[in-house]
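Colleague: The following block contains the structure, expressed as structure tokens.
The values are calculated or read from the model by the stated rules, or taken from the named source; none is laboratory data. These figures come from a predicted structure and were not determined experimentally. Cβ sites come from the backbone with ideal geometry, for glycine too, and all protein chains shown count toward neighbours. Heavy atoms of the whole protein, side chains included, go into the accessibility calculation; ligands, DNA and RNA do not. Shrake-Rupley method; radii C 1.70, N 1.55, O 1.52, S 1.80 Å.
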Amino acid sequence: MTGEGHEVTVAGLLALAPLAAQRGRRPPEPARRPGSTATRPRGQGHEIREIRPFTEGDDLRHLDAAATARTGTLQVRSFHEDRDRTVLLVADFRRPMLWGTRRFRSVAAAEALALAGWQAVNGGGSAGAVALTDGGLHSSRASGRTAGMAQAAGCLARGHRAALAAVRQPVRDLGPDLLRAARLAPRGATVILATALDRPGPEFEAALGAVLRRGPLRLLLAVDPFETDPPRQALPFLTAEGRAGRGGFADLPATRAATLDRLAELGVTAERLPSDLPLGAGP
């Protein structure tokens, strides 16, 4: 839905809105206290998220008199809830993500993140985005409604183009950039990271811990069919340093399983993201 198998476009990500509406909102995060029940947060917080035009169903008690007088149309304040419904969409667009047997894993990551962003804003929340590339970070501030998703989609598309242009640069470790990205989200926001966990770096586990201390974390693990059923013969490949190599890949499934076990020990459950098919194409 994003165009070619190696492209991420704003139009393609915005086109996922109907699929998000069809799938509905995600259920609330499990409660953190043992024995308690997961529920939707009640009430409004006190921090204003945005002032926007009044729409049917808005609470008239939240009218902003100054903005209404200034614009000549009804304007309402929307607030952060006590438990923030902001999501930060973090896309790993480093060079190891820029490949795939049918389409790039980075494209699958962008689509899955856009879907999650649409689900958040459809539920009254807001979405921001950060694209991690080997040339640096690209980000957009969290905002609600369609305008917020348009900004996030633009950030992801712009970041992916920059990532394709930076393929000759050294691969950056994931850990430090993940921590930089998470600091762009307000405390309590949900960070949604789409990655294949290639080249995490020695600081990755510490970065995960720091993210979890700030708020909830979802990890979408992009998986290509090559990784689940690798060929037995040795094949040529390009190293993270940009040098040509040749070797076998039969140990990929076992390596991935060990990584998932370690994540579970750290309190992180990865959601498998098949990268070979567009969202909604499966059964």
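Colleague: Would you mind working out the accessible area per residue for the stretch 83-236, using a 1.4 Å probe, and quoting it in Å²?
Modeller: Accessible area per residue: 37 Å².
Colleague: Using the beta-carbon distance between ARG232 and ALA11 and R0 = 41 Å, what value does 1/(1 + (r/R0)^6) give for FRET efficiency, to the nearest 0.05?
Modeller: Computed FRET efficiency for ARG232 and ALA11 comes out at 0.50.
Colleague: Sticking with this structure for a sec: At R0 = 45 Å, how high is the FRET efficiency between ARG199 and THR55 if r is their beta carbon distance? Nearest 0.05 is fine.
Modeller: Computed FRET efficiency for ARG199 and THR55: 0.50.
Colleague: Using a 1.4 Å probe, how large is the accessible area of ARG52, given in Å² and rounded to the nearest 10?
Modeller: 40 Å²
Colleague: Would you work out the Kirkwood radius for the stretch 53-191? I mean one over the mean of 1/r across all pairs of different Cα atoms, in Å.
Modeller: It works out to 16.3 Å.
Colleague: So what are the radius of gyration and Dmax for the Cα set of the stretch 176-236, in Å?
Modeller: Radius of gyration, then largest Cα-Cα span, for the stretch 176-236: 14.9, 48 Å.
Colleague: Compactness ratio of the stretch 113-265: Cα Rg over 2.2 N^0.38 Å, N = residue count?
Modeller: 1.14
Colleague: Also: Could you check the spin-label model distance between PHE249 and ALA165? Points 7 Å from the Cα along Cα→Cβ, value in nm.
Modeller: 2.9 nm
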